[in-house]
Amino acid sequence: MLYWLATAVLSASGTTSTSPPIAKTQPKPDTVHGEERIDNYFWLREKSNPEVIEYLEAENRYTEAVMQHTEDFQKQLYQELLGRIQETDLSVPEKMGDYYYYTRTEEGKQYPIYCRKKGSLEAEEEILLDQNILAQGHDYLEMGIYKISPNHQLLAYSTDTTGGESYTLYIKDLNTGQLLSDQIPNTYYSVEWANDNQTLLYTTLDAAKRPHKLHRHQLGSDPAADVLIYHETDESFFLDVSKTRSKAYLLMELENINTSEVHYLEADQPTGDFKVISPRQSELEYSVEHHSDQFLIVTNVDAVTFKLMRAPINNPSRENWEEVIPHRESVKLDSISAFQNHLVISEREGGLRKIRIRNLATSQEHTVDFPEPVYTVHQGRNPEFNTATLRFNYGSLVTPMSVFDYEMDERTRELKKQDEVLGGYDPSLYKSERIFAEAADGTPIPISVVYKKGLVKDGKNPLLLYGYGSYGINSDPYFSSNRLSLLDRGFGYAIAHIRGGEEMGRMWYEHGKLLHKRNTFTDFIACAEHLIGENYTASNKLIIQGGSAGGLLMGAVTNMRPELFEIVIAKVPFVDVVNTMLDASIPLTVIEYDEWGNPNEKEYYDYIKSYSPYDNVEAKEYPHILVTAGLNDPRVHYWEPAKWTAKLRALKTGDNRLLLRTEMGAGHAGPSGRYDYLKEIAFEYAFIFDLLGIDK
C-alpha cells in the first residue's frame with residue numbers, strides 16, 4: 001500500500017471519528033541545478049491508480065465527518081442563499097437581425113434554456129436549446145460555445161461533461177430541430193461561422209490541452225477530412241479564431257502571455273488564405289478590429305499602457321500603422337469596439353473601468369458617467385454593427401448587476417434590468433469604500449471594502465479578504481447576493497487590488513510577475529495589516545480567500561505570515577509551482593513561463609522556490625484551512641491541492657482544522673449547476689461560521 005488511512009467513519013450510533021487521512025510518503029528523488037529534491041507525495045499524480053482515488057475519497061469522507069454537525073446549518077444557509085435569487089428569470093433579450101435572443105431559467109432547474117423570438121418581443125417563443133435536457137444522465141455539463149449562423153438557421157454549440165475543458169461540437173438545424181451528423185470532438189472555446197452559413201472554423205487541442213490547430217469544416221462532410229488551416233507548433237502560444245464586429249473578416253489570433261500575432265481572411269471567402277497583419281515579435285502585443293477600409297489596432301508598441309493605431313486593409317503591415325489615440329501614461333487602453341458610426345473605447349484609470357465614446361463622423365468624444373466611487377462596468381456582446389445603442393453592464397459592491405442601453409448620440413441611458421435580490425434588499429443599508437494600504441516598498445495598494453452601515457470599527461468584526469493578483473486579471477468590485485450572508489452577520493468584505501493584476505495600469509501587472517512575483521504576496525499582507533490597523537478586523541477574525549493563482553496567493557501568504565490569518569479558503573490552488581513548471585508535459589506549463597519564469601534557468605528556479613507554497617511548508621502552526629480540488633481540472637491538477645494538504649498534515653503543529661474537498665466529477669470551476677454552486681457556497685460559509693462560533 002502506498003499510504004495508510006485513519007479515515008473518518010460514521011458509526012451506527014451517529015458518533016464521528018475525526019482522525020484525518022494520512023498519506024504515506026513515497027520519496028521521489030530528483031536533481032535540479034545540482035540540488036537534490038525529494039517529493040514525498042509525487043505518487044498522488046497517478047490518477048489511474050485506485051489507491052489515489054481511495055485517498056481522495058477518504059479525504060472527502062473526513063471532511064464530511066468533521067462538518068457533519070453543521071449539516072442543518074448548511075441547509076439553512078443554502079435556503080438563505082437560494083431565497084435571494086429569482087429562480088424563474090429572463091435575461092435581457094439581445095437583438096440580432098430579425099430575432100431577439102435570450103436565456104431564461106425555471107425554478108428547480110439547474111441550467112438555462114436558450115430561446116429566441118422573431119420580429120418582436122411579443123412573438124411566439126422558440127426554444128433553441130435546453131441545457132437541462134442536455135445534462136440528463138450527466139453529473140456535470142458545461143457549455144463551451146453557442147454560435148448562431150449568419151442566416152439564423154443553424155446553431156453551433158459545444159459541451160463538456162467531465163470538467164476537462166475538451167468540448168464536443170454539434171450543429172443543430174433550427175428549422176427542423178434536428179442535429180446534423182457533423183459532430184467534432186476535442187474542440188475548444190473557439191468556433192466561428194463564415195458568412196456562407198456552410199463553413200465553420202474551429203480549434204482543436206493538443207495533449208497539453210492547448211488549442212494548437214485551426215480547421216475548416218464544410219457542413220455535411222466527414223470531420224475527419226476537415227482541412228487543417230494552421231498548426232501552431234510553438235508550445236507557448238494559444239490559437240483562437242474570431243470574427244470582427246463588422247462581420248467582414250475572420251481573425252486567427254495567436255498569442256502567449258506577452259506576444260501576439262493576428263491573421264485575417266474575408267469572411268465571405270473562407271476557403272482563401274489568411275494573411276498576417278504583423279509577424280510576431282517578442283513582447284509586442286496587439287489586437288485587431290475592423291471598420292470601413294481600415295483595421296484598428298490596439299498595441300503596446302512604444303506604449304506600456306497601449307495606444308490605438310490604424311492601418312489600411314490593402315496593406316496593414318506595421319510600417320503603415322498610424323496613430324489614432326496616443327499612449328497615455330496614467331490611462332490603460334484595454335480594448336475598442338467599432339460600430340458603424342461610433343468607436344467605443346474601454347479604458348482603466350485610477351483603478352476604475354471607464355467607457356469613452358467617439359463619434360466617427362464628428363470626432364467628438366465623451367465619457368460615460370457612473371454614480372459610485374467604487375464600481376465595475378463592462379460591455380455586453382452588442383452583436384449589431386449598425387446601431388447607435390451600446391449595451392453595458394454596471395454594478396458595485398452594493399448595487400446589483402444592472403443592464404443599460406446607452407444611446408451614444410443622445411448620451412442617455414435606459415435601465416433594462418437590474419438583478420433582483422429577493423427578501424427586501426436595500427442598498428442604502430450598506431456602505432462601500434476604497435482605502436489604500438502601504439506596501440513594503442511604499443506603493444499605495446487599493447482595497448475595496450463593503451460592510452453594513454452601523455458597523456463599529458473596533459477590531460472585533462470578522463472580515464473576509466479576497467485576492468488574486470496574476471495574469472493581469474483585475475479583481476473588480478462586483479455585487480454578489482451571496483455576500484449578504486456575511487454582511488448581515490456583521491462581517492466586512494474586502495478585495496485587495498494587489499500587483500499582478502492590472503487595476504492600476506500595465507506596470508501594476510509587470511511589477512507582480514516573474515522576478516517581481518513576491519510583490520503580490522507582500523502587497524496582500526500589507527492589505528491585511530492595514531485592515532487590522534484601521535480596526536476593520538483583527539487577526540483572529542480575518543478570513544482570506546483565493547482560487548487558482550489566487551490559491552497560490554493563499555498558500556504563499558499563509559507560509560509567510562500564518563499568525564496573521566484565522567481561516568484560509570484555498571480553491572483549486574496552484575501551490576506546487578516548482579514541480580509543475582519543471583514538467584513541460586503538464587498542460588499550460590510552457591505557456592506559463594512568461595508569467596512565472598522558466599525554472600530550468602537557475603535564477604527563476606531559485607526565485608520560484610522561495611515562494612512556492614508546497615516547497616515552503618514548515619513545522620509550525622497554520623490557520624484553519626479549507627482546500628478544494630477538481631479531479632478533472634486541466635488547469636490546476638487535483639494533485640496540487642492534494643499534495644499540499646498531505647504535506648501540511650504531516651508537518652503542521654497545533655489542532656487547527658485542515659480539510660480537503662475534491663469534486664470527483666468536475667473541473668476547475670467546480671459544480672456546473674446553479675443549485676450545486678449555491679450548496680458549495682453554503683458549505684464554505686458553514687466552515688467559516690462554525691470556526692467563529694456563529695451558529696445562525
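With 10 Å bins beginning at zero, the pair-distance distribution over Cα atoms of segment 430-537 amounts to 16, 47, 28, 9, 0 %. With a simple spin-label model that places each label point 7 Å from the Cα along the Cα-to-Cβ direction, the separation between residue 276 and residue 583 comes to 3.4 nm. A full extension of the chain between residue 87 and residue 32 corresponds to an added length of 14.4 nm, given 0.36 nm per residue minus the alpha carbon distance.
Ranking 605, 521, 43 by Cα position along the charge dipole of the chain, where only Lys, Arg, Asp and Glu carry charges on their C-beta atoms, puts 521 farthest toward the positive end.
Overall size of segment 276-323 from C-alpha positions, given as principal axis extents largest first: 28, 19, 15 Å.
With contributions of -39500 (n - 2.57) from each DSSP H run of at least four residues, the per-residue ellipticity at 222 nm computed over the chain stands at -5000 deg cm²/dmol. On the principal axes of its alpha-carbon atoms, segment 313-359 has extents of 38, 26, 13 Å, going from largest to smallest.
Normalised by the number of residues in segment 144-253, the mean separation of alpha-carbon contacts (under 8 Å, six or more apart) gives a relative contact order of 18 percent. Do any GluC sites (Glu not before Pro) in segment 528-617 lie in a loop, going by DSSP, with at most 16 other beta-carbon atoms within 10 Å of their beta carbon, and if so which? The qualifying sites are 534, 601. Which residues does the label zone of residue 284 cover in segment 250-272, counting backbone N under 17 Å from a point 7 Å along Cα→Cβ? Residues 253-264 fall inside that zone.
In loop segments of segment 355-426 as defined by DSSP, the trypsin sites (Lys or Arg not before Pro) with at most 13 further C-beta atoms inside 10 Å of their C-beta are 381, 411.
In terms of overall dimensions, segment 387-444 has a Cα radius of gyration and Dmax of 17.0, 49 angstrom. On the basis of the beta-carbon distance and an R0 of 25 Å, residue 207 and residue 227 show a calculated FRET efficiency of 0.70. Multiplying the residue separation of residue 49 and residue 410 by 0.36 nm and subtracting their alpha-carbon distance yields 123.5 nm.
A DSSP coil position with no more than 15 other Cβ atoms inside 10 Å describes the following trypsin sites (Lys or Arg not before Pro) in segment 433-479: 453, 457, 460. Rg and Dmax of segment 484-552, based on Cα coordinates, read 13.6, 41 Å.
With Rh defined as the Kirkwood radius, the inverse of the mean 1/r over Cα pairs, the Rg/Rh of segment 111-276 is 0.98. Residues in segment 547-580, backbone N under 17 Å from the label point at residue 621 (7 Å along the Cα-to-beta-carbon vector): list them, ranges by number please. Hits in segment 547-580 for residue 621 at 17 Å: 558-568. Can you compute the label reach from residue 322? Point 7 Å from Cα along the Cβ direction, backbone N cut-off under 19 Å, restricted to segment 243-282. Counting backbone N atoms under 19 Å from the label point, the list is 278. Dipole magnitude for segment 359-435: computed about the Cα centre from +1 point charges on Lys and Arg Cβ and -1 point charges on Asp and Glu Cβ, it is near 200 debye. Modelled label positions at residue 246 and residue 601, each set 7 Å beyond Cα in the direction of Cβ, lie 4.0 nm from each other. Cα convex hull, the chain: 169 Å³ per residue, rounded to a whole number.
The alpha-carbon atoms of segment 330-420, seen along their principal axes, cover 38, 33, 20 angstrom, with the largest extent given first. Calculated FRET efficiency, residue 438 to residue 293, Cβ-Cβ distance, R0 = 51 Å: about 0.50 to the nearest 0.05. Inter-label distance, residue 71 to residue 384: 5.4 nm, where each label sits 7 Å from its Cα along the C-beta direction.
Using 1/(1 + (r/R0)^6) with R0 = 56 angstrom and r between the beta carbons of residue 57 and residue 362, what's the FRET efficiency to the nearest 0.05?
Working: r = 66 Å, r/R0 = 1.18.
Rounded to the nearest 0.05, the efficiency is 0.25.
Ranked by how many other Cβ atoms sit within 10 Å of their own Cβ, fewest first, the residues 401, 309 fall in the order 401, 309.
None of the figures in this text is laboratory data; all of them are computed from the coordinates on show. Small disclaimer: the values here were computed from a predicted structure and weren't measured. Methodologically, a virtual Cβ is constructed for each residue, glycine included, from the backbone with ideal geometry; neighbour enumeration extends over all protein chains shown.
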